[in-house]
Amino acid sequence: MELRFQAGGGSAWTAGAVVVFLFEGETLDSACPELSEGAPWLLIAPGLRDFRGKKDEQALLYGPPSMPLSRALVLGLGKKGAGTFAERLEGLRKAAGAAAVRCRELGIETLGIPVTSLARFCEAGPDVERIIEEVVCGALLGLYRNRVFKSAVKKSEAAEGTGDVAPDPRWLGLLFCDATVPDGPRLAARRGETHAEAVLLARKLANTPANHLTPERLADEASKLARRHDMRCEILDRADIEGLGMGAFAAVAAGSINDPRLIVLEHAPAGHAEDAPLVVVGKGITFDSGGISLKPAAGMWEMKSDMGGAAAVLGLFEALGQLETPRRVIGLLACAENMPDARATRPGDVVTTLSGKTVEIVNTDAEGRLVLCDTLTYALQRWTPDMLVDVATLTGACVVALGNDVAGLFCQDATLAQRIKDHGECVGEPFWPLPLWDRYFENLKSETADFANAGAREGGACAAAVFLKQFVPPEIHWAHLDIAGPGFVTRKITNCPAGATGFAVRTLIELVS
Ligand code: BES
Ligand code: MN
Ligand code: ZN
């Protein structure tokens, strides 16, 4: 769905449906008086009589077909003034997504949102632009469908059918009262569009089955993206990974015929090429069978999305390319497939990491920390990061601790932790702090090597984080984000069908911006 802009007030607007959001008890003419010009019929529309403005309530109203605005879709937001600013943004994202989906279901090809009506959701100032951004982003995210492998869709994109094959609306128009479209809101809408495209890229990749998305294919995606945005992209293969001495990374890939890749992306805009970079590391396990410590069959298929961290980093770079963010950012994607095989790493094997520290691999299913530790060391050997962030679907224990829609935030730098938490809250990606205390290191004791890659089940998310901590000196501004819960969902959530969510993409973009 394309974005469009219309100026000139109610009498100049045209769209298949005009979309308005109402709190409980609000009237349409108080929320959007401009509509009395473009859609005078709306103010006396009988269909509004029983509309209460309750959360998730919808009313579809029809006027004379000859009018440039002859349909209205009104969405309820619930009680006015309830909740925080972040919660109100979530409500708006949800309503915008629902509106776009409803239009698609009805075959309405174009929709318009009066921007003036959005201003009443906040105090004046930058918040209005944030609201525009979130409404646009919510509408675009809501339309996402995972149907790349549906044969019915392949056969006929333009099918006249309903449901899954109905085409998306052609455009979403933002409707302004000013004589010309003002720059601030226009850019905000474009930002919302960019954020959505970045999230959708991450969803698409993490939903792709592992037979279609190997580390090599992920590297192809990264280099295509880099070419599109004129960024540097370097790809290390198995020989490079082994040759450099990344014994832990290589051990994870040992059992797979699909060779690993360490992908290096660099966004270095003019004037910032020599800055200390922000380095973002993503776990890119294209399939996690557990290896010789094989996972149970039930739910193993979900591990096609164990590259959700790497997908989030790619999403971030898609946005960096579009937004031309004036900041040097390095992205590292640690990609491998974790498989059982005659060549696979055995439980009890000892490897030497790039740092020189030795690790006893007591559980081959704790593979994420193994690819990440060598990638973190690589980052620190090559750059002096201003900030180091890793994103990973790292532990089932984190899902047990925080549930399916909250990510674990491990960070001893209080300022950085607060920033991540605040940004996440604003864009609907909640992070909650968990400790990086050294007491968890006790769980990783090894008789044979410096330490083990896994230990007791209790406190598993913290133990994994403290494992990574062994590779990051205390003076580094480092955060570890465990997105195992919210990265992939088995039931539909707000603006996202079951499957990969693209979680963390928007927080990373905000953090860099
Ligand atoms: N990729 C998994 C973690 C995971 C679990 C992500 C569920 C998303 C949903 C990770 O590689 C893993 O297997 N972790 C083990 C670690 C254990 C063996 C110490 C786990 O959490 O059970
Ligand atoms: Mn695993
Ligand atoms: Zn894994």
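Side notes on the structure shown:
- Checked across region 316-338, the condition of being touching a strand residue (DSSP E or B) at 6+ places or on another chain (Cβ under 7 Å), within 16 Å of ligand 3 (Cβ to nearest atom) and part of a loop (DSSP other than H, G, I, E, B) holds for no residue.
- Top-ranked residue of region 256-277 - restricted to ones that are assigned to a strand (DSSP E or B) and surrounded by fewer than 23 Cβ atoms within 10 Å (Cβ to Cβ), ranked as nearest to ligand 1 (Cβ to nearest atom): 264
- When we screen 304, 295 for residues that are under 26 Å from residue 201 (Cα atoms), within 13 Å of ligand 1 (Cβ to nearest atom), among the basic types (Lys, Arg) and touching a residue at least 24 places away in the same chain (Cβ under 8 Å), the only hit is 304.
- Condition check for residue 302: more than 15 Å from ligand 2 (Cβ to nearest atom) and either surrounded by fewer than 24 Cβ atoms within 10 Å (Cβ to Cβ) or at negative phi (or both): no
- For residue 119, the test of being farther than 30 Å from residue 165 by Cβ and at pLDDT 95 or above is failed.
- On the stretch given as region 113-144, residues that are within 26 Å of the chain's Cα centre (by Cα), closer than 19 Å to residue 18 by Cβ and outside any helix (DSSP H, G or I) total 3.
- Cβ pairs under 9 Å, 6+ apart, first in region 263-286 and at pLDDT 95 or above, second of a type in the set (Ser, Thr, Tyr) and surrounded by fewer than 14 Cβ atoms within 10 Å (Cβ to Cβ): 276/384; 277/384
- Within region 244-296, tally of residues that are aliphatic (A, V, I, L, M), within 16 Å of ligand 3 (Cβ to nearest atom) and within 22 Å of residue 484 (Cβ to Cβ): 8
- Count of region 378-397 residues which are in a helix (DSSP H, G or I) and buried (at least 23 other Cβ atoms within 10 Å of the Cβ): 2
- Any hit, region 398-415, residues being of a type in the set (S, T, N, Q), assigned to a helix (DSSP H, G or I), at pLDDT 95 or above and over 25 Å from residue 215 (Cα atoms): yes
- Candidates in region 459-499 are the residues that are under 14 Å from residue 146 (Cβ atoms) and among the polar types (S, T, N, Q); of these, the one that is farthest from ligand 1 (Cβ to nearest atom) is 495.
- Of all residue pairs spaced 6 or more apart or on separate chains, those with beta-carbon atoms under 7 Å, a first member in region 393-406 that is polar (S, T, N, Q) and a second member that is assigned to a loop (DSSP other than H, G, I, E, B) are 393/306; 393/483; 393/484; 393/487; 395/484; 404/485; 404/486.
- Members of region 470-497 that are free of Cβ contacts under 8 Å to residues at least 40 places away in the same chain and over 30 Å from residue 142 (Cα atoms): 475
- Residues of region 187-229 that are among the hydroxyl-bearing types (Ser, Thr, Tyr) and surrounded by 19 or more Cβ atoms within 10 Å (Cβ to Cβ): 194, 208, 214.
The values are calculated or read from the model by the stated rules, or taken from the named source; none is laboratory data. Remember, predicted model here, so these are calculated numbers, not experimental data. Reconstructed Cβ throughout: ideal geometry from the backbone, glycine too, with neighbour counts over all protein chains shown.
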